[in-house]
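Written below as structure tokens is the structure these notes are about.
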Amino acid sequence: MAQQGGRQRPSGSAETLSTAYDTALLDLDGVVYAGGEAIPYAVSALGAARESGMHLAYVTNNALRTPDAVARHLTELGVPAEAADVITSAQAVARLIAAEVPVGSPVLVIGGEGLRAALRERGLEPVDSADTEGLAAVVQGYGGPELPWGRFAEACYAIERGVPWFASNTDLTIPGARGIGPGNGAAVEVVRIATGAEPRVAGKPLPPMHRETVLRTGAKRPLVVGDRLDTDIEGAFNGGVDSLLVLTGVTDAARLLAAAPEHRPTYVDADLRGLLRGQPEVVATADGFGCGGWTASARDGALELAGEGEPLDGLRALCGAAWTAAGDGSCGLDAGKALGRLGW
């Protein structure tokens with residue numbers, strides 16, 4: 001297994017990942033689906049991973065839908081799931097609020113049904129008005145593209161009166177069928193700018209979400225699988241567990257090479273088929289780092305790549321060169337020519 005902290009290259013695994021780990025903690029948007037449609041190879045790869053004995057759990061910062069709704073959607077896509085397999089940032093933030101306010105307290109909801117259901121699960125009362133008597137908290141989560149602007153004003157009115165403010169997550173963007181759109185983090189910024197306040201945040205990469213996931217899955221050897229460096233991979237880093245980055249969502253090759261230590265995944269693969277195979281070793285060589293038929297090095301302010309083979313192996317070798325050169329920072333070397341050779 002890989003070690004957290006100071007990673008200088010992606011790790012290798014002689015075992016297929018679906019047998020090396022007991023549970024896959026899978027992000028949804030950009031990993032399993034985008035814009036409601038399954039990402040290529042996701043359905044077949046997850047089916048094969050399940051058949052090999054791996055437990056699949058779906059961990060999302062998207063607080064819009066309830067676990068029941070997410071499970072139904074996954075099942076419709078061909079990925080059988082139950083509500084208990086889904087862990088959301090709405091559940092994590094509801095637990096956080098419930099630890100600080102009395103049972104039955106009214107909580108102003110700026111978001112969708114996922115937040116309301118999670119609050120009810122904890123014995124709290126979701127409400128819509130900042131003028132509700134005894135209002136104990138404000139909670140903000142992704143409410144979809146049609147969330148009215150007036151909901152942000154309602155949050156501001158309550159926060160300005162001193163009501164504690166919580167947020168399910170602060171992802172600035174969310175992938176969809178037409179591209180990358182604004183996420184809950186963008187909406188949180190609207191309220192932050194208007195009030196000058198700071199919310200308590202529960203979602204990835206912060207500890208409340210990791211705690212919620214462990215409590216609900218009972219995972220012993222989990223593998224976090226995601227497409228975002230600043231939530232999925234950093235959350236795995238903070239939790240001290242291994243991670244697999246798939247290149248089907250927000251993170252592209254250039255961002256991966258520039259990753260700071262807390263954003264460097266244990267493994268890198270193109271998509272969820274990476275669960276069904278081992279991972280090649282990235283080895284130190286006299287000239288740099290090698291993987292497959294490729295050798296990568298850092299020289300004269302740029303990353304260089306020599307050899308041939310699978311493009312993904314070339315990217316893994318480049319990660320070794322970039323992360324080692326960057327040390328405890330982010331790599332600023334020019335990677336354009338090297339990535340061009342790989343088609344990125």
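The values are calculated or read from the model by the stated rules, or taken from the named source; none is laboratory data. A quick note: this is a predicted structure, and the numbers were derived from the prediction, not measured. Every residue, glycine among them, receives a Cβ derived from its backbone with ideal geometry; neighbour counts consider all protein chains shown. Quick note on the areas: whole protein, heavy atoms, side chains included, nothing else; ligands and nucleic acids left out. Shrake-Rupley method; radii C 1.70, N 1.55, O 1.52, S 1.80 Å.
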| task | Just reorder Arg299, Arg216 by solvent-accessible area, largest first, 1.4 Å probe, all chains present. | result | Arg299, Arg216
| request: Be a star and scan the range 269-304 for residues whose amide nitrogen sits under 16 Å from the point 7 Å along the Cα-to-Cβ vector of Ala14. | output: 278-282
| message | Suppose we keep just the DSSP beta bridges with both residues in the chain; what percent of those would be antiparallel, to 5? | response | 35 percent
| request: With the cut-off at 17 Å, report for the range 85-143 the share of all Cα pairs above it, as a whole percent. | output: 27 percent
| Of the accessible area of the chain, with the probe set at 1.4 angstrom, what percent is carbon plus sulfur? | 51 percent
| remark: For Thr170 the rounded accessible area (nearest 10 Å², probe 1.4 Å, non-protein molecules ignored) is 60 Å²
| request: Starting from the Cα gyration tensor of the range 217-292, take the square roots of the eigenvalues, sort them a ≥ b ≥ c, and report rounded, prolate or oblate (rounded when a/c is under 1.5, otherwise prolate if a/b is larger than b/c, else oblate). | output: prolate
